[in-house]
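K.L.:
One structure coming up, written as structure tokens, with questions to follow.
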Amino acid sequence: MLRIAVPNKGSLSGPASAMLHEAGYRQRKESKELVVIDPGNEVEFFYLRPKDIAIYVASGKLDIGITGRDLLLDSGANAEEILPLNFGRSTFRYATRPGTAKGPEDFGGMTIATSYEGIVAKHLADQGIDASVVHLDGAVETAIQLGVAQVIADVVETGTSLRNAGLEVIGDPILTSEAVVVRRRGATEDHPQVQQFLRRLQGVLVARSYVMMDYDCRAEHLEQAVALTPGLESPTVSPLHNEGWVAVRAMVPAKDAQRIMDDLYELGARAILTTAIHACRL
């Protein structure tokens with residue numbers, strides 16, 4: 001069986017299980033379950049701490065896993081990202097009190113508090129900056145107030161909690177993270193079960209990003225309509241019973257669907273419908 005690690009808690013856990021369910025895999029019904037066997041798909045799912053997943057995968061005990069890009073890089077494990085999953089997005093940045101520093105180039109001799117010392121130490125080394133890194137779990141904003149550090153490095157979403165702590169974000173983002181599928185570095189690329197798993201997840205990603213659009217239009221306007229809805233290879237076009245009319249079907253990006261419908265209507269298209277895509281293979 002293919003052995004896959006899944007986050008057991010935290011912000012990645014729910015979306016990861018939801019995506020796997022959409023991909024046709026059995027998932028746990030209770031949070032206490034640590035292992036779920038899906039015999040129909042020949043897969044075993046192991047629910048682990050997100051921070052540990054890259055380490056388990058790198059050891060070869062598990063074939064692949066889902067974790068955050070930040071957690072993968074911070075672990076230093078011999079594992080690599082093979083598919084981004086478009087959820088769990090976050091930005092990792094430096095912050096300090098106003099006037100302390102303009103950017104990382106001013107960090108020399110300072111101490112930086114973070115929960116991701118692997119990422120920060122590498123970033124400082126790559127920049128040639130001689131600064132100390134101290135590891136703290138949980139909220140690191142208080143590290144500066146308590147005199148533990150002059151700078152912090154943490155995940156930043158809106159920046160509200162930092163501003164409330166009297167801090168400001170400085171410098172460019174250290175890292176932009178999201179949920180990713182990881183495997184042991186150097187593992188066989190053409191493992192059939194791994195490839196099938198990746199195809200299923202890619203199908204979910206496409207299905208979430210596109211809708212199927214159907215509409216009727218006059219034949220003389222077909223080329224203009226097709227320019228608006230080119231589909232992936234090309235749209236399906238069928239003649240209607242009423243002469244001079246055709247029916248068109250094409251996949252379109254979900255984020256653009258309303259605008260495309262407006263443009264088609266202005267072109268004279270009618271009976272414009274969109275339907276969700278639940279699964280696909282491209």
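The values are calculated or read from the model by the stated rules, or taken from the named source; none is laboratory data. Since this is a predicted model, take the numbers as computed values, not measurements. We place every Cβ from the backbone using ideal geometry, glycine too, and count neighbours over all the protein chains shown. Heads up: the accessible areas ignore ligands, DNA and RNA and are worked out on the full protein's heavy atoms, side chains in. Shrake-Rupley method; radii C 1.70, N 1.55, O 1.52, S 1.80 Å.
K.L.:
Can you give the local net charge around L73? Use residues other than it whose beta-carbon is closer than 14 angstrom to its beta-carbon, Lys and Arg +1, Asp and Glu -1.
P.N.:
Overall, the nearby charge balance is -3.
K.L.:
How big is the accessible area of M1 in square angstrom, nearest 10, if you roll a 1.4 angstrom probe over the protein chains?
P.N.:
For M1, the solvent-accessible surface is approximately 110 Å².
K.L.:
Further question on the same structure: Relative to the longest principal axis of the C-alpha atoms of the chain, give the angle of the C-alpha long axis of helix 257-267, reported between 0 and 90° and rounded to the nearest 10°.
P.N.:
For helix 257-267, the angle is close to 30 degrees.
K.L.:
Something else about it: Tell me, what ³J(HN,Hα) does each residue in the range 171-181 have, in order and in whole Hz, if you take phi through Karplus 6.51 cos²θ - 1.76 cosθ + 1.60 with θ = phi - 60° and put x for Gly and Pro?
P.N.:
x, 6, x, 6, 7, 10, 10, 7, 5, 9, 8
K.L.:
Rounded, prolate or oblate: pick one for the range 97-138, where a ≥ b ≥ c are the square roots of the eigenvalues of its C-alpha gyration tensor, a/c under 1.5 means rounded, and failing that, prolate if a/b is larger than b/c, else oblate. Present the calculation step by step, with values, prior to reporting the outcome.
P.N.:
Numbers: a/c = 2.12, a/b = 1.21, b/c = 1.75.
The shape class here is oblate.
K.L.:
Here's something else I'd like to know. Treating only the Cβ of Lys, Arg, Asp and Glu as charged (+1, +1, -1, -1), what charge dipole size does the chain show about its Cα centre? Round to the nearest 20 debye. Write out the running numbers ahead of the final one.
P.N.:
Values: 28 positive and 36 negative charges, 158 e Å.
In total the dipole reaches around 760 debye.
K.L.:
Starting from the alpha-carbon convex hull of the chain, give the projected area averaged over all orientations, in nm². Don't skip to the end; give the middle numbers.
P.N.:
Numbers: hull surface 80.3 nm².
Averaging across all directions leaves 20.1 nm² for the Cα convex hull.
K.L.:
Computed over the Cα atoms of the range 35-180, what is the convex hull's projected area averaged over all directions, in nm²? Don't jump to the answer; show the numbers that get you there.
P.N.:
On the way: hull surface 39.3 nm².
For the range 35-180, the mean projected area of the Cα convex hull comes to 9.8 nm².
K.L.:
Go through the range 159-164 residue by residue and turn each phi into a ³J(HN,Hα) via Karplus (6.51, -1.76, 1.60, θ = phi - 60°); whole Hz please, and just put x for glycine and proline.
P.N.:
Couplings: x, 4, 5, 5, 4, 5 Hz.
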